[in-house]
Amino acid sequence: QVQLVESGGGLVQAGGSLRLSCVASGSILSINTMGWHRQAPGKQRELVATITSRGGTNYSDSVKGRFTISRDNAKNTVYLRMNSLEPEDTASYYCRYITVIQDYWGQGTQVTVSS
(Lines give C-alpha, C1' and ligand atoms only; values in the text may rest on other atoms or scores of the structure.)
Protein backbone atom coordinates (compact mmCIF):
# COMPACT_ATOMS: atom_id res chain seq x y z
CA GLN A 1 0.00 0.00 0.00
CA VAL A 2 1.03 3.56 -0.71
CA GLN A 3 -0.50 6.57 0.99
CA LEU A 4 -0.51 9.99 -0.65
CA VAL A 5 -1.24 13.16 1.30
CA GLU A 6 -1.70 16.42 -0.59
CA SER A 7 -1.52 19.91 0.83
CA GLY A 8 -1.23 23.51 -0.31
CA GLY A 9 -4.56 24.15 -1.95
CA GLY A 10 -6.63 27.21 -1.23
CA LEU A 11 -8.28 30.32 -2.55
CA VAL A 12 -6.23 32.71 -4.67
CA GLN A 13 -6.94 35.62 -6.98
CA ALA A 14 -6.35 35.34 -10.71
CA GLY A 15 -2.71 35.95 -11.48
CA GLY A 16 -1.62 34.57 -8.14
CA SER A 17 0.45 31.54 -7.23
CA LEU A 18 0.17 28.40 -5.13
CA ARG A 19 2.42 25.45 -4.42
CA LEU A 20 0.94 22.01 -3.91
CA SER A 21 2.79 19.23 -2.13
CA CYS A 22 2.19 15.50 -2.04
CA VAL A 23 3.99 13.18 0.35
CA ALA A 24 4.06 9.48 -0.41
CA SER A 25 4.56 6.84 2.25
CA GLY A 26 4.34 3.08 2.52
CA SER A 27 5.63 0.57 -0.02
CA ILE A 28 7.47 3.04 -2.24
CA LEU A 29 9.46 1.65 -5.15
CA SER A 30 12.50 3.58 -6.32
CA ILE A 31 11.42 3.67 -9.96
CA ASN A 32 8.11 5.47 -10.16
CA THR A 33 6.20 8.30 -11.73
CA MET A 34 4.35 10.85 -9.67
CA GLY A 35 2.00 13.42 -10.98
CA TRP A 36 -0.91 15.74 -10.60
CA HIS A 37 -4.34 15.49 -12.14
CA ARG A 38 -7.30 17.79 -11.65
CA GLN A 39 -11.05 17.61 -11.88
CA ALA A 40 -13.38 20.55 -12.15
CA PRO A 41 -17.10 20.23 -11.36
CA GLY A 42 -18.93 18.51 -14.18
CA LYS A 43 -15.74 17.68 -16.04
CA GLN A 44 -13.56 14.62 -16.42
CA ARG A 45 -10.35 14.27 -14.47
CA GLU A 46 -7.42 15.44 -16.58
CA LEU A 47 -3.66 15.19 -16.46
CA VAL A 48 -1.80 18.29 -15.30
CA ALA A 49 1.81 17.17 -15.05
CA THR A 50 3.97 14.15 -14.30
CA ILE A 51 7.56 13.57 -13.24
CA THR A 52 9.55 10.36 -13.24
CA SER A 53 11.95 9.31 -10.52
CA ARG A 54 14.74 10.33 -12.89
CA GLY A 55 13.27 13.80 -13.33
CA GLY A 56 11.61 13.53 -16.71
CA THR A 57 8.58 15.80 -16.90
CA ASN A 58 5.41 16.06 -18.94
CA TYR A 59 2.80 18.84 -18.91
CA SER A 60 -0.62 19.38 -20.36
CA ASP A 61 -0.73 22.15 -22.94
CA SER A 62 -3.07 24.18 -20.74
CA VAL A 63 -0.45 24.61 -17.99
CA LYS A 64 2.83 24.69 -19.92
CA GLY A 65 4.85 27.76 -19.03
CA ARG A 66 2.76 28.45 -15.90
CA PHE A 67 3.11 25.31 -13.76
CA THR A 68 6.29 23.53 -12.70
CA ILE A 69 6.43 20.03 -11.29
CA SER A 70 9.38 18.92 -9.17
CA ARG A 71 10.20 16.24 -6.67
CA ASP A 72 12.44 15.39 -3.75
CA ASN A 73 13.14 11.66 -3.92
CA ALA A 74 14.70 11.61 -0.46
CA LYS A 75 11.42 12.89 0.98
CA ASN A 76 9.15 10.97 -1.42
CA THR A 77 7.49 14.29 -2.16
CA VAL A 78 6.27 15.86 -5.37
CA TYR A 79 5.48 19.54 -5.77
CA LEU A 80 3.45 21.58 -8.21
CA ARG A 81 4.27 25.24 -8.42
CA MET A 82 1.38 27.06 -10.08
CA ASN A 83 1.92 30.60 -11.32
CA SER A 84 -0.33 32.96 -13.25
CA LEU A 85 -3.38 31.11 -12.04
CA GLU A 86 -6.61 31.55 -13.98
CA PRO A 87 -10.22 30.93 -12.95
CA GLU A 88 -10.15 27.97 -15.36
CA ASP A 89 -7.59 26.31 -13.08
CA THR A 90 -10.21 25.96 -10.36
CA ALA A 91 -10.49 22.25 -9.57
CA SER A 92 -9.69 19.54 -7.10
CA TYR A 93 -6.07 18.53 -7.62
CA TYR A 94 -5.11 14.90 -7.10
CA CYS A 95 -1.68 13.41 -6.61
CA ARG A 96 -0.94 10.12 -8.32
CA TYR A 97 1.82 7.54 -7.82
CA ILE A 98 2.46 4.91 -10.50
CA THR A 99 4.84 2.03 -11.02
CA VAL A 100 4.60 -1.06 -13.22
CA ILE A 101 2.65 -2.78 -10.46
CA GLN A 102 1.12 0.07 -8.44
CA ASP A 103 -1.35 2.89 -9.04
CA TYR A 104 -2.47 5.08 -6.14
CA TRP A 105 -4.32 8.36 -5.82
CA GLY A 106 -4.47 10.93 -3.08
CA GLN A 107 -7.67 12.37 -1.65
CA GLY A 108 -7.29 15.67 -3.44
CA THR A 109 -6.83 19.30 -2.49
CA GLN A 110 -9.08 22.12 -3.66
CA VAL A 111 -7.74 25.03 -5.65
CA THR A 112 -10.08 27.93 -6.26
CA VAL A 113 -9.06 30.90 -8.40
CA SER A 114 -11.25 33.97 -8.19
CA SER A 115 -11.54 36.47 -11.04
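Observations, loosely collected:
- Across region 4-13, the qualifying residues are those that are surrounded by 14 or more Cβ atoms within 10 Å (Cβ to Cβ) and of a type outside the set (Asp, Glu), and the one among them that is farthest from ALA74 (Cα to Cα) is VAL12.
- Residue selected from region 28-47 under the condition open to solvent by less than 20 Å² (accessible area, probe 1.4 Å) and over 17 Å from ASP61 (Cα atoms), by the criterion modelled with the lowest pLDDT: ASN32
- Test: SER25 is open to solvent by 20 Å² or more (accessible area, probe 1.4 Å), among the hydroxyl-bearing types (Ser, Thr, Tyr) and in a strand (DSSP E or B): yes
- Members of region 72-115 found to be open to solvent by less than 50 Å² (accessible area, probe 1.4 Å), closer than 14 Å to GLU6 by Cβ and of a type in the set (S, T, N, Q), listed by number: THR77, SER92, THR109
- Under the condition of being outside any strand (DSSP E or B) and either open to solvent by 20 Å² or more (accessible area, probe 1.4 Å) or of a type in the set (Gly, Ala, Ser) (or both), the residues counted in region 48-70 number 10.
The values are calculated or read from the model by the stated rules, or taken from the named source; none is laboratory data. Because the structure is a prediction, the values reported are computed rather than measured. Every residue, glycine among them, receives a Cβ derived from its backbone with ideal geometry; neighbour counts consider all protein chains shown. To get the accessible areas, we keep the full protein, side chains included, count just its heavy atoms, and leave off ligands, DNA and RNA. Shrake-Rupley method; radii C 1.70, N 1.55, O 1.52, S 1.80 Å.
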